[in-house]
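Peer 1: Provided herewith is a single structure, encoded as structure tokens, for subsequent inquiry.
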Amino acid sequence: GHEIEDLEFGGVHSAGMPGPASKRRTPASPPGMADPHQLFDDTSSAQNRGYGAQRAPGGLGYPNTSASAQAAFLADPVSNMAMAYGSSLAAQGKELVDKNIDRFIPVTKLKYYFAVDTVYVGKKLGLLVFPYLHQDWEVQYQQDTPVAPRFDVNAPDLYIPAMAFITYILVAGLALGTQDRFSPDLLGLQASSALAWLALEVLAILLSLYLVTVNTDLTTIDLVAFLGYKYVGMIGGVLMGLLFGKTGYYLVLGWCCVSIFVFMIRTLRLKILAEAAAEGVPVRGARNQLRMYLTMAVAAAQPLLMYWLTFHLVR
């Protein structure tokens, strides 16, 4: 009887009234959950991201090329041969371009025509506007080679003609804008017409020199330089026209036209007539007369073109 009571009492005791030795067990939380009452797993950790964990350490999720593969490629004799062959081809191409570029673009000669400085530019502009004060027009030579323009104000250059042409186009755009006539097409037409007249002048002079059989050291680049000096007077005429109207335009342009005429006469006669004197051609000979007429025609064409290219810009 005591054994049955003890068993029953033990069962009641264990079922209904827990003793001090017994403890309530908490259900184990699944891995990755900090809180047992959490409804969803935390997938922000790196160890739970299945796709992210498989990414390579490189950017954008693409695996980096292993160093061993790069070393194997560089150690491949075929790749080394291809790299050497490509380098040799590039060197040969550069050498070929350097040899043949002077046939089309005389780079070495162009460097001579742009060898100017601030002092030369100031003196040259003064010579173009006031040629009457200049006495010595001979170009200086050093070992049968003309000195650089920055050492001789009489030497032709391309810096002033190039800058004057660009400035002339800008001034023309300003003049058209003040008259409410500006448009890119009209400005482009102005620039193309000026270049076309310059090219036509050069071709006409070269043809005339060939027909007159003049042996001169006057090159095509020299002609472009001398003919490009007229843009300086054109700029002055248009600017004065914008400031003071047609009166200022005609006064300044007239002065610049006479100045460029005198400048061209004194410059070209040394290039054309001096060669004739060296050849022993009589001063009053027929061929020498043709050369004088050619010089006068080139000089007289400059004022006409200066007026033709600027008169419509002043209203």
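Peer 1: Looking only at segment 140-157, which residues are closer than 20 Å to VAL262 by Cα and open to solvent by less than 30 Å² (accessible area, probe 1.4 Å)? Even if it seems obvious, please write down each step before you answer.
Peer 2: Residues of segment 140-157 closer than 20 Å to VAL262 by Cα: 152-157.
Residues satisfying the conditions are ASP152, ASN154, ALA155, PRO156, ASP157.
Peer 1: May I ask you to list the residues in segment 120-145 that are farther than 18 Å from LEU268 by Cα and of a type in the set (Phe, Trp, Tyr)?
Peer 2: Matches in segment 120-145: TYR120 only.
Peer 1: Hey, could you check segment 154-195 for residues that are touching a Gly at 6+ places or on another chain (Cβ under 7 Å) and in a helix (DSSP H, G or I) and say which is farthest from TYR141 (Cα to Cα)? Talk me through it step by step, then tell me what you get.
Peer 2: Of all residues in segment 154-195, those touching a Gly at 6+ places or on another chain (Cβ under 7 Å) come to 161, 164-165, 182, 187.
Filter again for in a helix (DSSP H, G or I), leaving 161, 164-165, 187.
Details: PRO161: 23, ALA164: 27, PHE165: 29, LEU187: 41 Å.
If we take residues in segment 154-195 being touching a Gly at 6+ places or on another chain (Cβ under 7 Å) and in a helix (DSSP H, G or I), then LEU187 is farthest from TYR141 (Cα to Cα).
Peer 1: Here is a further query. Among the residues of segment 164-185 satisfying the criterion of being over 17 Å from VAL238 (Cα atoms) and open to solvent by 60 Å² or more (accessible area, probe 1.4 Å), which is nearest to the chain's Cα centre (by Cα)?
Peer 2: So in segment 164-185, the residues over 17 Å from VAL238 (Cα atoms) come out as 183-185.
Still in the running and open to solvent by 60 Å² or more (accessible area, probe 1.4 Å): 184-185.
Working: PRO184: 20, ASP185: 22 Å.
Filtering segment 164-185 for residues that are over 17 Å from VAL238 (Cα atoms) and open to solvent by 60 Å² or more (accessible area, probe 1.4 Å), the one nearest to the chain's Cα centre (by Cα) comes out as PRO184.
Peer 1: Can you report the number of residues in segment 186-198 which are in contact (Cβ under 8 Å) with a residue 12 or more places away in the chain and more than 20 Å from the chain's Cα centre (by Cα)?
Peer 2: The total comes to 6.
Peer 1: Among what's in segment 269-315 and is closer than 30 Å to GLY237 by Cβ, assigned to a helix (DSSP H, G or I) and among the basic types (Lys, Arg), pick the residue that is modelled with the highest pLDDT.
Peer 2: In this case the residue turns out to be ARG269.
Peer 1: Another question, if that's okay. Quick check on my filter: what residues within segment 202-227 are under 21 Å from CYS257 (Cβ atoms), in contact (Cβ under 8 Å) with a residue 60 or more places away in the chain and surrounded by fewer than 20 Cβ atoms within 10 Å (Cβ to Cβ)?
Peer 2: In the first step, residues of segment 202-227 are kept if they are under 21 Å from CYS257 (Cβ atoms); the result is 202, 204-205, 223-227.
In the following step, the residues that additionally are in contact (Cβ under 8 Å) with a residue 60 or more places away in the chain were identified as 205, 224-227.
Once the filter is applied, which keeps residues that are under 21 Å from CYS257 (Cβ atoms), in contact (Cβ under 8 Å) with a residue 60 or more places away in the chain and surrounded by fewer than 20 Cβ atoms within 10 Å (Cβ to Cβ), segment 202-227 yields only VAL224.
The values are calculated or read from the model by the stated rules, or taken from the named source; none is laboratory data. The structure displayed is predicted, hence computed values, not measured ones. A quick note on method: Cβ atoms are made from the backbone with ideal geometry, for glycine too, and the neighbour counts reach across all protein chains shown. SASA here: full protein model, heavy atoms, side chains in, ligands and nucleic acids out. Shrake-Rupley method; radii C 1.70, N 1.55, O 1.52, S 1.80 Å.
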